[in-house]
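Asker: Quick one: structure below, then a few questions.
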């Protein structure tokens, strides 16, 4: 078997594929953050909590109402999105136009409250969620065993990422959005309801996080704390990609998944640090991020 | 010198006992501090329900010892030795706490036991895993009650090797506890004629184990050993099941699993996994009776740690009642002199190094067909006698043991 740096090629191909799968998760999560920051200039520290809420909602809807996976895929992001709109309307709107640090602290506080309340109700061991039957099993690719569900994760995440990018960058609705945040008074003058647009954008951003949560429910432990560690990594991804760059968030997400995957193969103890190492390097040589506009 | 002083103090104290037992109980209150992770990764295995178990013991004891009232205070250690240390300092220096109990993260227990030794108060550790707590870190002021890494490795690893799992690949949490457990497992595997052919140290905590599982699969080892705990273990097991580890003929060996972990995984995912436990709620009428009461209070079945907290609190209160004293050394000696016979352990003994030795159990997670309800999760395969389970005193590095 051919080897690369002492690692069999087959193992390496497997790790690359796993990296892409994890990268798809990062892409989805950092995309939501980038949308919220790029359009609303809010640093959304509640993003991890929204991801967790997406997963928890999926499990609870199944346990108490028998809602299946496919319905949850639409319903959970909707529920969490509406919750996001409520937060925007009652809380974030009050501090609009203030320094970034206010939105950061506010959303961080909201995240801690949500997490604390859910820990009291459900504990931290995790809730059970059985994988839908059609995704059970997998296919042997020769170099690795590929569970069907992981393949679905790539497809679903990339479709949603591309769709979001397309809507924001290429459609009229997207141009209203971008214009509304650029100069809201002018847009108001054109008869566009900017406050509503902002609420919906925040709702959509957190719905993306919740969607990632639904995708995560069958494969990771669903617990109230699942979002807190993910959040920090995803923030690093957004910083590397360039705060607010939609396409940058997607590409960087996948790239970081692959880099992390390779680190797990060659030097596992560094795998939780490698993304931050890249972040430091990027900030040193290209402070606005790989895809960010130069300030 | 200190030993001499302690002897003298207790001699003087005994002389003063003529004045009645209560004279010896400081400020006329038995004050117990319950310290545990109340909100983090290790919350469910001890946490708020452990406090409930302690309160059940106090209520069963009658709420007072020979007319002296029992008071409980509690705190969240947040798995941080620093935070735990400042709490315990306040408790023993300003609030006259006599006993500190609970304690999960091994680093917390080791830090706290040092403070207890400085102030000559008693600690009973129920949640921690590291066997070093009663080995190189032993003190005359604490007791380690429920289990430790030594029997975990002994029970599970030797059983799996004897069933033909000769080659092992270890997934190890990259911190002190994981390294200790990996070392214990390696020792046992090799002693039984097996071999550890590779290992990977993963960061703590890790959510996605797919990459590590893939490496373990590629190793071709008979057994994938999980030297980690809590969410790391459940995530690894879920991923292993998704990637068809057992179907491809490899066995999973989880070295530390609590009932709450297995409950979170469910019988479907966890079936067939062998584990070592210090206690299980559904072993006999006595354990079931207590577990039913616990469930009425909390809504869940107790882990071995919950049961251990109840049992050790009882043992402590009995010792205080018998000696009429809340002095740490007097009570500890009495606890060592009294075998433990209750729903938690039969003929359990607290050794001079502070280790409570009792029978351990090798269990297997039931299949969904065998499991009658969500908490009906273990079959007990074998009782591992106390003397076979724990590190013998002859191998001890504890300063209290004369080797």
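The values are calculated or read from the model by the stated rules, or taken from the named source; none is laboratory data. Predicted model, so just to flag it, every value in this text is computed and none were measured. As a convention, Cβ positions derive from the backbone with ideal geometry for all residues, glycine included, and neighbour counts pool all protein chains shown.
Asker: Do we have residue B:324 as surrounded by 16 or more Cβ atoms within 10 Å (Cβ to Cβ), on the phi > 0 side of the Ramachandran plot and outside the structural domain of residue B:255 (by TED's automatic domain parsing) here?
Answerer: Judged against the criteria, residue B:324 is a match.
Asker: Report yes if residue A:35 is modelled with pLDDT under 95, crowded, with 19+ Cβ neighbours inside 10 Å and under 14 Å from the mean Cα position of the chain (by Cα), otherwise no.
Answerer: yes
Asker: Quick check, is residue B:310 surrounded by fewer than 24 Cβ atoms within 10 Å (Cβ to Cβ), modelled with pLDDT of 95 or more and within 18 Å of the chain's Cα centre (by Cα)? Step through it out loud before you land on a result.
Answerer: Details: surrounded by fewer than 24 Cβ atoms within 10 Å (Cβ to Cβ): no; modelled with pLDDT of 95 or more: yes; within 18 Å of the chain's Cα centre (by Cα): yes.
In short, no.
Asker: Would you list the strands (runs of 3 or more DSSP E) that sit entirely within the range B:15-109 and hold 1 or more residues that are within 14 Å of another protein chain (Cβ to nearest Cβ) and surrounded by 14 or more Cβ atoms within 10 Å (Cβ to Cβ)?
Answerer: B:29-36, B:68-76
Asker: Here's another thing I want to ask about it. Mind telling me which of the residues A:238, A:280 ends up being modelled with pLDDT of 90 or more and either in contact with a helix residue (DSSP H, G or I) (Cβ under 6 Å, 6 or more places away or on another chain) or under 20 Å from residue A:158 (Cα atoms) (or both)?
Answerer: Among A:238, A:280, only A:238 is modelled with pLDDT of 90 or more and either in contact with a helix residue (DSSP H, G or I) (Cβ under 6 Å, 6 or more places away or on another chain) or under 20 Å from residue A:158 (Cα atoms) (or both).
Asker: Further question: Can you find a residue in the range A:252-273 that is away from chain B (no Cβ under 14 Å) and farther than 15 Å from residue A:29 by Cβ?
Answerer: Checked the range A:252-273: no residue is away from chain B (no Cβ under 14 Å) and farther than 15 Å from residue A:29 by Cβ.
Asker: Assuming residue B:289 fulfils every condition listed in (1) at the interface with chain A (Cβ under 10 Å from one of its Cβ atoms); (2) surrounded by fewer than 24 Cβ atoms within 10 Å (Cβ to Cβ); (3) more than 22 Å from residue B:156 (Cα to Cα) apart from one, which condition is it?
Answerer: (1)
Asker: Among the residues of the range A:189-211, are any within 14 Å of chain B (Cβ to nearest Cβ) and at pLDDT 95 or above?
Answerer: Taking every residue of the range A:189-211 in turn, none turns out to be within 14 Å of chain B (Cβ to nearest Cβ) and at pLDDT 95 or above.
Asker: Now, a different point. Touching a residue at least 40 places away in the same chain (Cβ under 8 Å), crowded, with 24+ Cβ neighbours inside 10 Å and within 17 Å of residue B:362 (Cβ to Cβ): is that true of residue B:185 in this structure?
Answerer: Yes; evaluated as a whole, the condition is true for this residue.
Asker: Can residue B:298 be described as more than 14 Å from chain A (Cβ to nearest Cβ) and over 14 Å from residue B:377 (Cα atoms)? Let's see the steps before the verdict.
Answerer: Numbers: more than 14 Å from chain A (Cβ to nearest Cβ): no; over 14 Å from residue B:377 (Cα atoms): yes.
No.
Asker: Now for a different question. Does residue A:232 satisfy the condition of being out of contact with any helix residue (DSSP H, G or I) (no Cβ under 6 Å at 6 or more places or on another chain), more than 9 Å from chain B (Cβ to nearest Cβ) and closer than 18 Å to residue A:114 by Cα?
Answerer: Yes: the conditions hold for residue A:232.
Asker: Look through A:50, A:3, A:56 and report the one residue that is surrounded by fewer than 24 Cβ atoms within 10 Å (Cβ to Cβ), in contact with a helix residue (DSSP H, G or I) (Cβ under 8 Å, 6 or more places away or on another chain) and away from every other protein chain (no Cβ under 12 Å). Explain how you work it out, then say what you get.
Answerer: Details: A:50 fails: surrounded by fewer than 24 Cβ atoms within 10 Å (Cβ to Cβ); A:56 fails: surrounded by fewer than 24 Cβ atoms within 10 Å (Cβ to Cβ).
Residue meeting the stated conditions: A:3.
Asker: Among (1) surrounded by 20 or more Cβ atoms within 10 Å (Cβ to Cβ); (2) over 18 Å from residue A:45 (Cα atoms); (3) over 13 Å from the mean Cα position of the chain (by Cα), there is one condition residue A:214 misses while meeting the rest; what is its number?
Answerer: For residue A:214, the exception is condition (3).
Asker: In the set B:230, B:225, B:155, B:244, which member is modelled with pLDDT under 90, in contact with a strand residue (DSSP E or B) (Cβ under 8 Å, 6 or more places away or on another chain) and either within 11 Å of another protein chain (Cβ to nearest Cβ) or crowded, with 24+ Cβ neighbours inside 10 Å (or both)?
Answerer: Unique residue meeting the criteria: B:244.
Asker: Filter the range B:259-284 down to residues that are more than 9 Å from chain A (Cβ to nearest Cβ) and in a helix (DSSP H, G or I) and give me whichever is nearest to residue B:150 (Cα to Cα).
Answerer: Step one: filter the range B:259-284 for residues more than 9 Å from chain A (Cβ to nearest Cβ), giving B:259, B:262, B:267, B:270-284.
After this cut, where a residue has to be in a helix (DSSP H, G or I) as well, the list is B:259, B:262, B:267, B:270.
Values: B:259: 19, B:262: 21, B:267: 26, B:270: 23 Å.
Only one residue fits best here, namely B:259.
Asker: Still on this structure: Looking at the range A:60-70, which of its residues are surrounded by 14 or more Cβ atoms within 10 Å (Cβ to Cβ) and touching a helix residue (DSSP H, G or I) at 6+ places or on another chain (Cβ under 8 Å)? Don't jump to the end; show me each part of the working.
Answerer: Restricting attention to the range A:60-70, the residues satisfying the condition of being surrounded by 14 or more Cβ atoms within 10 Å (Cβ to Cβ) are A:60-62, A:67, A:69.
Answer for the range A:60-70, where residues must be surrounded by 14 or more Cβ atoms within 10 Å (Cβ to Cβ) and touching a helix residue (DSSP H, G or I) at 6+ places or on another chain (Cβ under 8 Å): A:61, A:62, A:67, A:69.
Asker: Restricting attention to the range B:191-202, does a residue exist that is modelled with pLDDT under 95, within 21 Å of residue B:379 (Cβ to Cβ) and either touching a strand residue (DSSP E or B) at 6+ places or on another chain (Cβ under 7 Å) or at the interface with another protein chain (Cβ under 10 Å from one of its Cβ atoms) (or both)?
Answerer: No: zero hits.
Asker: Would a scan of the range A:71-78 turn up a residue that is within 12 Å of chain B (Cβ to nearest Cβ) and surrounded by fewer than 20 Cβ atoms within 10 Å (Cβ to Cβ)?
Answerer: no
Asker: Which ones in the range A:95-124 are more than 23 Å from the chain's Cα centre (by Cα), under 22 Å from residue A:216 (Cα atoms) and modelled with pLDDT under 90?
Answerer: Of everything in the range A:95-124, just one residue is more than 23 Å from the chain's Cα centre (by Cα), under 22 Å from residue A:216 (Cα atoms) and modelled with pLDDT under 90, namely A:123.
Asker: Right, something else. Find the helices (runs of 4 or more DSSP H) located wholly in the range A:80-184 whose residues include 3 or more that are within 11 Å of chain B (Cβ to nearest Cβ), in contact (Cβ under 8 Å) with a residue 60 or more places away in the chain and touching a helix residue (DSSP H, G or I) at 6+ places or on another chain (Cβ under 6 Å), and list them.
Answerer: Filter on the range A:80-184 gives A:148-170.
Asker: How many residues are free of Cβ contacts under 8 Å to residues at least 40 places away in the same chain, more than 8 Å from every other protein chain (Cβ to nearest Cβ) and either in contact with a helix residue (DSSP H, G or I) (Cβ under 9 Å, 6 or more places away or on another chain) or closer than 10 Å to residue B:225 by Cα (or both) if we restrict to the range B:248-258?
Answerer: Going through the range B:248-258 one residue at a time, the tally reaches 3.
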